[in-house]
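The values are calculated or read from the model by the stated rules, or taken from the named source; none is laboratory data. Keep in mind the model is a prediction, meaning the values are calculated, not measured. Cβ sites come from the backbone with ideal geometry, for glycine too, and all protein chains shown count toward neighbours.
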Amino acid sequence: MKRAVRVAMIHDCPFLFEGVRAILAAETNIGIVAEARNATDVLVLCSESPPDVLIVDLGASETEALRMLEQIKGLCADAQIVVLTAGCGPERMRAAVSAGAQGLVSRNARVDQLPAAIAAVLRGQCYVDPDLAGVLVTTVAMIPEEAFRNGDDGYGTLTDREREVFRLLSTGMNKKSIAYELGISPKTVETHHLRIMRKLDLHDTLELIRYAAGIGLIKPEQWVAL
């Protein structure tokens, strides 16, 4: 029998946590195994009982939550991250994605959006609920050309394998899924990723998406799994 997906939540709002618990209680293959209220709790959680998915509420302590996201990716690299947000402008979305979020869900989303986000990130996809999808496209479009492109044809310097990895990264697929898709190790994917970012002079995921859209490889909205 397949085990239930292990979900942990990081939050500073017990009322919201109970709402999330109630939503996920209806999902037979998902179970909330832990909650964390501060950075210390998060570090203990990730080291002692790593979850499959972390739900992170940006809440009132957005700066602290984003800082914890970066720590989490170092300690719990296999966990997929879904962010809950009360509002999400371009800067907040960019910060969350850059910090490691694979899913973004509004606090005002329909109850089916959170289980859908969890399912998507576990498949190796990125997810943005429909209410926030337009913000993603706007965020990508707002990145200045000079932030990710230079006078050289950087894409032409990529090897065939780097182009494969680049294409999959640009659609939001995570490194573990890319490794499986291409039959290579996650460490090799990470090496290709670092080389791609250096060759194309890119600094984060949104710049990578914008670059891919700029050369016609994808449309920005392809990143969104609806």
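Annotation: of all residues in the stretch 38-88 being among the polar types (S, T, N, Q) and surrounded by fewer than 19 Cβ atoms within 10 Å (Cβ to Cβ), the one that is modelled with the lowest pLDDT is S61.
Among the conditions (1) farther than 17 Å from G103 by Cβ; (2) in contact (Cβ under 8 Å) with a residue 40 or more places away in the chain; (3) not small (G, A, S), L45 misses just one, which is (2).
One line per residue, one yes/no per condition, for (1) polar (S, T, N, Q); (2) modelled with pLDDT of 85 or more; (3) not assigned by TED's automatic domain parsing to the domain that holds F17:
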site	(1), (2), (3)
Q102	yes, no, no
P115	no, yes, no
R123	no, no, no
T159	yes, yes, yes
E164	no, yes, yes
T171	yes, no, yes
T188	yes, yes, yes
R195	no, yes, yes
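Of the residues I32, I23, the single one that is farther than 23 Å from K73 by Cβ, of a type outside the set (D, E) and not in a loop (DSSP other than H, G, I, E, B) is I23. Restricted to the stretch 9-37, and to residues there that are charged (D, E, K, R) and under 15 Å from V82 (Cβ atoms), the residue that is surrounded by the most Cβ atoms within 10 Å (Cβ to Cβ) is E35.
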